[in-house]
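Undergrad: Next up is a structure, given as structure tokens.
Where a number appears in this text, it was derived from the coordinates with a stated rule and is not lab data. Model, not experiment: these values are computed from the prediction. For neighbour counting, all protein chains shown are included, and Cβ atoms are generated from backbone atoms with ideal geometry for every residue, glycine included.
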Amino acid sequence: MKIGFLFPGQGSQITGMGKDLYEKYEDVRNIYEKVKNITGIDVKTLSFDAESDILNQTKNTQICILTMSLAILKLLEKENIKAEISSGLSLGEYTALIYSKAISFEDGVKLVKNRGEYMQTLAPKGDWSMAAILGMDEDNVLTLCKKVKNGFAVPVNFNCPGQIVVSGDKEGIAEIETLGKEMGAKKIRILNTSGPFHTEKLIDASNALRKDLEKLNLNDFETKVVKNLDGKIYNKNDDIQDILAKHIISPVHFEKCLQTMISEGVDTFIEVGPGKTLSGFVKRMPANPSEKELTILNINNVESYENTIKILKGDN
């Protein structure tokens, strides 16, 4: 068995996420308290009790998702469940970098706090939206975006075969909905996000984060991390600060990340954090060249955590 961790990004949040884990496990409570001490943010209250319009604010969403994922990692560590390689979707890449020890816990938490604030406060004014397009390939989605006349829309997340996310303004996304159906999209789903993420519109946020990244102390990688920018594993010659600054304004090639993990021999994927979105992406990947059957697990509450431990330890 070769385990790979997957860490979700913005859009997977839901009020109450992580609450049962917090109530049952002291290690989880300690992580939430640690993040609060570092950031001054009451992540527990935001995650468990905030109305969706508050939780969905980027400055709140990112730190809450990160905290839940880090808390679950602490539980897995106590059970000696480890991954040799990991990847995260957008925000989730920071969780992967913290897990790999390339970025310290404290530095990673501070970066994500600032990243969320920059992406919210330094985004240009406007009504921004994102939409997942199902059932169209990359070429057709590119053609679709070029047909938009009355707004702004560009492909930003290449998630898995048959699912590509487009980012833009309300007018552009509305046009995408109409034109996409005409061009044969199976479904177009508006996402629970609030900014023109992974586009040049966030250049000010990228530049602000770059200043923080320049002060960052980096460590050697203890585990492999696959980066969103190109789907390749970070190596010692990579300029991590530059990559993470560009990360905000560049498309996410998550399908390539999954391809890399499979080619590295991962046969057991564990999604660590709210939702099951990334597990769904793995299920849509082409047949494994090695013909290994993939085990796909996710941990987002007490039941799924305990079930995952049983499966991994052969107690099921």
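Undergrad: Rounded if a/c is under 1.5, else prolate if a/b beats b/c, else oblate: with a ≥ b ≥ c from the C-alpha gyration tensor eigenvalues square-rooted, which is region 13-125? Mind dumping the intermediate values first?
TA: Details: a/c = 1.84, a/b = 1.23, b/c = 1.50.
It is oblate, given that a/c is not under 1.5 and a/b is not larger than b/c.
Undergrad: Restricting the count to DSSP beta bridges whose residues both fall in the chain, what percent are antiparallel, rounded to a multiple of 5?
TA: Numbers: 18 of 34 bridges.
Counting only bridges with both partners in the chain, antiparallel ones make up about 55 percent.
Undergrad: Right, another one. Before anything else, pin down the relative contact order of the chain: Cα pairs under 8 Å, at least 6 apart, normalised by residue count, whole percent. Write down the numbers at each step before the final one.
TA: Working: 641 pairs, mean separation 74.9, N = 316.
For the chain, the relative contact order is 24 percent.
Undergrad: What's the magnitude of the charge dipole for region 128-190 around its Cα centre, counting Lys and Arg as +1 and Asp and Glu as -1 at the beta-carbon? Answer in Debye, nearest 20.
TA: Numbers: 8 positive and 8 negative charges, 28 e Å.
Here the size comes out at about 140 debye.
Undergrad: While we're looking at this one, here's another question. Estimate the FRET efficiency between K147 and N80 by the formula 1/(1 + (r/R0)^6), using the beta-carbon distance for r and 51 Å for R0, to the nearest 0.05.
TA: In this case the efficiency is close to 0.45.
Undergrad: Multiply the residue separation of L134 and D230 by 0.36 nm, subtract the distance between their alpha-carbon atoms, and state the gained length in nm to one decimal. Please list the in-between numbers first.
TA: Numbers: separation 96, 0.36 × 96 = 34.56 nm, distance 2.19 nm.
Here the segment from L134 to D230 would lengthen by 32.4 nm.
Undergrad: To continue, here is another question. In this model, which of K211/K246; K101/K232; K44/K110; K44/K227; K82/K236 are farther than 20 Å apart at the alpha-carbon? All intermediate terms of the calculation are to be shown ahead of the outcome.
TA: Details: K211/K246 12 Å; K101/K232 18 Å; K44/K110 17 Å; K44/K227 29 Å; K82/K236 22 Å.
Exceeds cut-off: K44/K227; K82/K236.
Undergrad: Express the C-alpha Rg of the chain as a ratio against the empirical globular expectation 2.2 N^0.38 Å, rounded to two decimals. List each step's numbers first, then the result.
TA: On the way: Rg = 18.7 Å, N = 316, 2.2 N^0.38 = 19.6 Å.
Against the empirical 2.2 N^0.38 Å value, I get 0.95 for the chain.
Undergrad: Say a paramagnetic label sat at a point 7 Å from the Cα of D27, along Cα to Cβ; which residues of region 102-139 have their backbone N under 17 Å from it?
TA: What the label zone holds, given the 17 Å backbone N cut-off, is 105.
Undergrad: Treating only the Cβ of Lys, Arg, Asp and Glu as charged (+1, +1, -1, -1), what charge dipole size does the chain show about its Cα centre? Round to the nearest 20 debye.
TA: Values: 40 positive and 44 negative charges, 37 e Å.
My answer is approximately 180 debye.
Undergrad: What residue among F269, F221, P286 has its Cα farthest toward the positive end of the dipole of region 212-297, where the charges are +1 on Lys, Arg and -1 on Asp, Glu, each on the Cβ?
TA: Result: P286.
Undergrad: Further question on the same structure: Roughly how many Å is it from the Cα centre of region 1-56 to that of region 60-98, as a whole number?
TA: The two parts, judged by their Cα centres, are 11 Å apart.
Undergrad: What is the distance in Å between the Cα centroid of region 249-290 and that of region 133-172?
TA: Centre-to-centre distance over Cα atoms comes out at 21 Å.
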